[in-house]
Amino acid sequence: MPPFALVTGTSSGIGQAVARELLTRGWEVAGLARRAAPIDDPAYHHHLFDLADSGALPALVSDLCARYGIADRPRAGLVNNAAVVGELTGADRLDPRRLLATQAVNLVAPVFLAGAFVHRCPSSVPLRVVNVSTGAATRAFPGMTAYASSKAALRMAGMVMGSELDAAPTGRDVAILSFEPGVVDTAMQVTARSTPQAEFPSADLFVGFHQQGMLIPPEGPARAIADFLESNGQPHFAERRFGG
Ligand SMILES: NC(=O)c1ccc[n+]([C@@H]2O[C@H](COP(=O)([O-])OP(=O)(O)OC[C@H]3O[C@@H](n4cnc5c(N)ncnc54)[C@H](OP(=O)(O)O)[C@@H]3O)[C@@H](O)[C@H]2O)c1
């Protein structure tokens, strides 16, 4: 049986590039998103799923683990890639329901999926988890409260999970990576630079990334994520920035 990975957010951007990269390396991949993914490969299986539907996550994991038999794989991976940029505006203007929806997709879903994979993967199966992070998780940019707070909390959740694995009485070959992909040419960047400066005080920063040709294609970060999924001898938690 080939190694197996669940990649969230495969309908576009970095997630789609990760799925394609893993498929070229012989992995079997389950991808999920609200839209379809234009990936035509017998080893790719798409699941239409809205990660904002927190109550449906346990059934999703049960279904995926049984369907793809992760307990029988030589290796398993989880790439928590899907995210929304959320409301790009001052914290004094945030809508509480939209804030909660952003946290559901960017924080609740990836933390639950990571915990469920750790719980369900037998100790005989090496497990690698990548939480796709951002520079905004550790540096403050005006107008990014919703997105940045969700990613900062996801980063810390990975650290706490790593500490739990460190403290576990029996060693597990589980490694969690908080990974900053850099400034990547995807729909999320288009949203950030298209939001009016009057609404989003950091809009000019994103316009500048584009004008100065700083955006990189998603394939580079995707290769780095796939390399991590295939790697050995990792600590239970680490963080890296693409190209850094
Ligand atoms: N682009 C950058 O410069 C940059 C920089 C730092 C970090 N990142 C991170 O990179 C990751 C990928 O983003 P991207 O840049 O590739 O943006 P993207 O092209 O907008 O991709 C986002 C993906 O997430 C999925 N998604 C969003 N909401 C979802 C939901 N409710 N349920 C299921 N799937 C959902 C989308 O699929 P559907 O819309 O079909 O559901 C899409 O496949 C994100 O975690 C982002 O925070 C990006």
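The values are calculated or read from the model by the stated rules, or taken from the named source; none is laboratory data. Here the structure is a predicted model, which is why all the values come from computation and not from measurement. Positions of Cβ are backbone-derived with ideal geometry, glycine not excepted, and every protein chain shown enters the neighbour counts. Protein only, heavy atoms only, side chains kept; ligands, DNA and RNA dropped before computing areas. Shrake-Rupley method; radii C 1.70, N 1.55, O 1.52, S 1.80 Å.
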With point charges of +1 on the Cβ of Lys and Arg and -1 on the Cβ of Asp and Glu, referenced to the Cα centre of the chain, which listed residue (Gly31, Tyr68, Val190) lies farthest in the positive direction of the dipole?
Tyr68
Under 5 Å, built H, 5+ apart or other chain: amide partners of Arg241
Glu180
Area of Thr186 that stays accessible when all protein chains are in place (1.4 Å probe, Å², to 10):
30 Å²
Judged on accessible area alone, 1.4 Å probe, highest first, Glu239, Glu180 line up as Glu239, Glu180
Segment 213-219 - phi-based ³J(HN,Hα) in whole Hz, Karplus 6.51/-1.76/1.60, Gly and Pro as x:
x, 8, 6, 9, x, x, 5
Sorted by accessible area (1.4 Å probe), largest first, how do His119, His210 line up?
His119, His210
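Is there a quick way to get the dipole size of the chain? I mean about its Cα centre, with the Cβ of Lys and Arg at +1 and of Asp and Glu at -1; what is the value in debye to the nearest 20? Working shown, then result.
Numbers: 20 positive and 22 negative charges, 25 e Å.
My answer is approximately 120 debye.
Starting from 0.36 nm per residue, how many nanometres of slack lie between Asn232 and Asp41 once their C-alpha separation is accounted for?
Between Asn232 and Asp41, full extension yields 66.1 nm more.
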Backbone HN-Hα couplings from phi across segment 35-41 [Karplus 6.51/-1.76/1.60, Hz, Gly and Pro as x]
9, 6, 10, x, 10, 10, 7
Suppose accessible area is computed on protein heavy atoms with a 1.4 Å probe; arrange Asp72, Asp50 from highest to lowest.
Asp72, Asp50
Could you order peptides 151-157, 193-199 by the average number of other Cβ atoms within 10 Å of their residues, highest first?
151-157, 193-199
Ser149 accessible area, 1.4 Å probe, all protein chains in place, Å² to nearest 10
50 Å²
Segment 27-77 - charge dipole about Cα centre, Lys and Arg +1 at Cβ, Asp and Glu -1, debye rounded to 20
100 debye
List every residue whose amide H lies under 5 Å from the amide H of Gly143, counting only residues 5 or more places away in sequence or on a different chain, with H placed 1.01 Å from N in the peptide plane.
Ala91
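Pairs of Cα atoms under 8 Å, at least six residues apart: use those to get the relative contact order of the chain, whole percent.
Relative contact order here is 21 percent.
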Burial order of peptide ranges 129-135, 158-164, 102-108 (average beta-carbon count within 10 Å, highest first)
129-135, 102-108, 158-164
Directionally averaged projected area (convex hull, Cα atoms, the chain), nm²
12.9 nm²
Pop out the ³J(HN,Hα) list for segment 230-241 in order, Karplus 6.51 cos²θ - 1.76 cosθ + 1.60 with θ = phi - 60°, rounded to Hz; leave Gly and Pro as x.
9, 8, 10, x, 8, x, 5, 9, 8, 9, 9, 10
Return the long-range amide H neighbours of Ile216 (sequence gap of 5 or more, or a different chain), with a cut-off of under 5 Å between placed amide H atoms.
Val183, Val184, Asp185
